[in-house]
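Please treat every number below as a calculation from the coordinates, not as lab data. All values derive from a computational prediction rather than experimental measurement. Here the Cβ positions follow ideal geometry from the backbone for every residue, glycine too, while neighbour counts run over all protein chains shown.
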Amino acid sequence: MTTLPRPTTELSADDARRLALRAQGFIGAPDRRSGVRGILRHLGAVQLDTISVLARSHELIPYARLGAVGRKPIESAYWKPASPGMSPVRPHAFEYWSHAACILPIEEWPHFAFRRRAYRNRPHWNHELPDGAYDQVIKQLKAEGPLTATELGGAKRTSEWWDWSGSKVAVERALMYGEVVCVERRGWKRVYDLAERAVPDDLLHDEFDDTECLRRLVRLAGQSLGVGTRADIADYHRLKGDQVDEVIADSGLVPVTVEGWGKPAWADPAALETPPRGRHRTTLLSPFDSLIWERARTERIFGFTHRLEAYVPKPKRVYGYFAMPVLAGGRLVGRVDPAREGRTLVAKQVTLDGPKAVQAVAQALAEAASWVDCTDVRVERVSDPQLREPLAKELIRTLT
């Protein structure tokens with residue numbers, strides 16, 4: 001690893017936790033004027049996922065920070081371009097591979113050049129590209145404008161999720177290479193367009209070398225985390241450890257020590273200038289929220305073991321299919337596995353971190369119910385049966 005200066009700042013575990021919460025937008029009043037787009041730029045990446053229980057994860061991210069912002073305005077904020085009907089139309093975001101499939105601020109397009117180059121140089125692929133399919137997709141997009149894979153000739157050859165059609169293989173390859181860009185999801189389908197048409201001219205380039213791209217993403221990750229270890233910073237945009245090592249000394253982040261972490265850490269110097277102050281959010285978190293992306297970090301900061309069990313066989317699930325951690329007072333105080341039945345939000349399983357968590361969990365459930373137009377909340381199972389009645393009473397009080 002690169003030789004780095006010795007840390008001059010020592011943080012307590014609580015200091016680090018509060019820095020992380022503020023960096024992720026959970027302490028203090030959010031900037032509602034910048035809204036969803038401000039949240040996206042603040043976080044640097046918002047993960048997409050197919051699962052929809054209360055809502056899809058990219059909707060839950062701004063909700064957790066801003067409260068009950070409308071779901072349609074959330075989608076519009078991501079995908080509706082600036083100055084529609086005027087030329088040039090400037091998108092706010094694009095979709096690409098970051099932590100996973102993520103919505104990213106359009107300004108970061110040049111800084112993913114390193115990843116586009118890596119995909120172009122990749123020797124092996126999971127899907128074979130039929131002869132002529134790539135050129136045909138580019139030709140069709142050029143002639144017809146933005147299209148889904150279905151409109152390009154079909155996304156799949158059979159009902160199997162992995163059995164892509166030739167046009168789907170081609171357009172996904174073009175997406176990875178950067179010749180095509182996804183600037184919208186329509187009915188959960190990617191809408192593809194030519195990058196030369198969709199990305200603003202001042203951003204449409206691959207001029208930054210790998211070092212400059214990595215330096216930028218490491219710095220952004222540090223700012224979005226507040227403070228993090230090498231592994232935390234690498235995980236944010238799914239970089240390799242040696243890529244972080246290569247640039248961290250010149251990233252603008254500063255080395256710090258954190259009580260109980262046992263590993264070197266780096267912090268955003270701007271975050272160290274003022275202590276985090278302000279009101280804490282009480283909310284349900286998507287399992288794909290960037291506050292809790294990395295399991296080891298979540299355990300280290302919150303003493304909370306987080307695992308998505310949607311892909312775990314039902315008999316082996318401990319907390320439920322889509323267990324959503326409950327954030328309150330800057331702590332993770334429980335989990336709720338939700339569902340909806342008509343106008344009722346169903347808490348299929350509730351896990352509480354003791355009696356003190358009852359009020360916060362009830363508040364989080366009531367707000368979530370209101371956001372998704374539910375008028376009632378029904379609790380089915382509570383991890384501690386003795387807390388079932390207090391939770392029911394608190395829900396009645398909160399909902400009325």
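The table for this structure:
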read-out: Volume per residue that the Cα convex hull of the range 76-218 spans, once the total is divided by residue count, Å³; value: 125 Å³
read-out: Stretch gain in nm, segment residue 340-residue 392, where the contour uses 0.36 nm per residue and the Cα spacing is subtracted; value: 17.0 nm
read-out: Members of 139/168; 72/168; 316/356; 156/314; 316/348; 316/393 lying beyond 19 Å, as alpha-carbon distances in this model show; value: 72/168; 316/356; 156/314; 316/393
read-out: Calculated SAXS-style log₁₀ I(q)/I(0) at q = 0.10, 0.13 Å⁻¹ - the chain, Debye, Cα scatterers; value: -0.74, -1.19
read-out: Rg(Cα)/(2.2 N^0.38 Å) for the range 215-321, N = residue count; value: 1.21
read-out: Relative contact order [Cα under 8 Å, 6+ residues apart], the chain, whole percent; value: 18 percent
read-out: Expected 222 nm ellipticity per residue - DSSP helices of 4 or more, -39500 (n - 2.57), all of the chain, to 500; value: -10500 deg cm²/dmol
read-out: DSSP-assigned coil residues among chymotrypsin sites (Phe, Trp or Tyr not before Pro) in the range 285-343, each with at most 14 further Cβ atoms within 10 Å; value: 311
read-out: Computed Rg/Rh of the range 91-161, alpha carbon atoms with Kirkwood Rh; value: 0.99
read-out: Candidate lysines for bridging to residue 263, where Cα separation is under 20 Å - those fewer than 8 sequence places away on the same chain excluded; value: 240
read-out: Top of 168, 80, 189 by mean-square fluctuation, Gaussian network on the chain, Cα under 10 Å; value: 189
read-out: Student exercise, the range 163-285 dipole from Lys, Arg, Asp, Glu Cβ charges, in Debye to nearest 20; value: 880 debye
read-out: The range 300-361 - Rg and Dmax from Cα coordinates, angstrom; value: 12.4, 39
read-out: Principal axis box of the range 258-400, alpha-carbon based, largest edge first, Å; value: 47, 37, 28
read-out: Where the Cα pairs of the range 153-205 fall when distances are cut into 10 Å bins, in %; value: 24, 48, 22, 6, 0
read-out: Percentage relative contact order, the range 224-266, counting C-alpha pairs under 8 Å, at least six apart; value: 43 percent
read-out: Relative contact order of the range 291-366, pairs being alpha-carbon contacts under 8 Å that are 6 or more residues apart, as %; value: 19 percent
